[in-house]
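Presented below is the structure to which this report refers.
Derivation of every value follows stated rules applied to the coordinates shown; laboratory data play no part. Remember, it's a predicted structure, so these values are computed and weren't measured experimentally. Here the Cβ positions follow ideal geometry from the backbone for every residue, glycine too, while neighbour counts run over all protein chains shown.
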Amino acid sequence: MECIGKGKAHRPYEFGVKLSVATTLSHAKGGQFVTHVKALPGNPYDGHTLETVIPEMEALIGNIIERLVLDKGYRGHNAPPDYKFRVFISGQKRRVTPKIKREMRRRSAIEPVIGHLKSEHRMGRNYLWHRQGDATNAVLAAAGYNFRRLIRWLELLLHQILVLLSLRLHLAPS
């Protein structure tokens, strides 16, 4: 069992592992999808996780990441050398264009995703054993979250199709 120091007065230590959760920067029609999740045992410093997470994210999505928008915990990041100028941290002033500023405001969209993963997809507490169980729980929670988004999108699509079909039936000459 691993323990993470949180620095909260009501809960100074929590049992569990640190997770890396990544979503797209732009808002998709179906909602904010989780593109990558990984359990990071051993309570590593946030900035030191980029070295392992960035190549895995690119391999998973099959594309090169243009830019990363991160919170201040990633200051002094340990990203691979060719990513040093693609990482933007909240509160950063240099090299920030108006477009990147807008994207940095979207960074706060990850917090509700993490909240939903914890409350609705059993990521608040892990019932699986050992480090492999931690990793499995994270991946299953993210997959469940994404499936929920897809089902909701398909439900809306089906509703639109049924409305169009009913309109055609009512407007068709008898």
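Give the Rg/Rh ratio for the chain, taking Rg as the radius of gyration of the Cα atoms and Rh as the Kirkwood radius, to two decimals. Walk me through the numbers before you get to the answer.
Numbers: Rg = 20.0 Å, Rh = 18.5 Å.
Radius of gyration relative to Kirkwood radius: 1.08.
Sort Arg94, Arg149, Arg102 so the one with the fewest other Cβ atoms within 10 Å of its own Cβ comes first.
Arg94, Arg102, Arg149
Just grab the label-to-label distance for Leu158 and Glu111, each label 7 Å out from Cα along the Cβ direction, in nm (one decimal).
Reported label-point gap for Leu158 and Glu111 is 3.5 nm.
Could you work out which residue, out of Ala79, Ala143, Ala59, moves most in a Gaussian network model of the chain, that is, has the largest mean-square fluctuation with Cα springs under 10 Å?
Ala59
Which of Met57, Met123 has the fewest other C-beta atoms within 10 Å, and how do the rest follow up to the most? Mind showing how you got there, number by number?
Numbers: Met57 19, Met123 23.
Result, fewest neighbours first: Met57, Met123.
Under a GNM of the chain (C-alpha, springs under 10 Å), which listed residue has the highest mean-square fluctuation: Ser20, Ser119, Ser108?
Comparing Ser20, Ser119, Ser108 in a Gaussian network model of the chain, the most mobile one is Ser119.
Assuming R0 = 30 Å, can you tell me the calculated FRET efficiency for the pair Leu165 and Arg122, based on Cβ-Cβ distance, to the nearest 0.05? Don't skip to the end; give the middle numbers.
On the way: r = 38 Å, r/R0 = 1.27.
It comes out at approximately 0.20.
List the GluC sites (Glu not before Pro) within the stretch 48-138 that DSSP assigns to loop and that have no more than 15 neighbouring Cβ atoms inside 10 Å. Walk me through the numbers on the way to the answer.
Working: sites: Glu51, Glu56, Glu58, Glu66, Glu103, Glu120; in loops: Glu66.
Passing both the DSSP loop test and the Cβ count: Glu66.
Against the empirical 2.2 N^0.38 Å scaling, what ratio does the C-alpha Rg of the stretch 94-163 come to?
The reported ratio for this selection is 1.56.
Taking the Cα atoms only, what angle lies between the long axis of helix 50-61 and the longest principal axis of the chain, rounded to 10 degrees?
Value to nearest ten degrees: 20.
Under a 10 Å cutoff between Cα atoms, tell me which one of Ala135, Ala39, Ala28 has the largest fluctuation in the Gaussian network model of the chain.
Between Ala135, Ala39, Ala28, it is Ala28 that shows the largest mean-square fluctuation.
Applying 1/(1 + (r/R0)^6) with R0 = 22 Å to the Cβ-Cβ distance of Ile64 and Arg94, what FRET efficiency is obtained, to the nearest 0.05? Walk me through the intermediate numbers first.
Numbers: r = 23 Å, r/R0 = 1.05.
Efficiency for this residue pair is about 0.45.
Please arrange Asp82, Asp134, Asp71 by counting, for each residue, the other beta carbons lying within 10 Å of its beta carbon, fewest first.
Values: Asp82 9, Asp134 20, Asp71 14.
With the sparsest Cβ surroundings first, the list reads Asp82, Asp71, Asp134.
What value, in deg cm²/dmol to 500, does the helix sum -39500 (n - 2.57) over DSSP H runs of n ≥ 4 give at 222 nm once divided by the residues of the chain? Write down the numbers at each step before the final one.
Values: 4 runs with 73 residues, N = 174.
Computed mean residue ellipticity for the chain: -14000 deg cm²/dmol.
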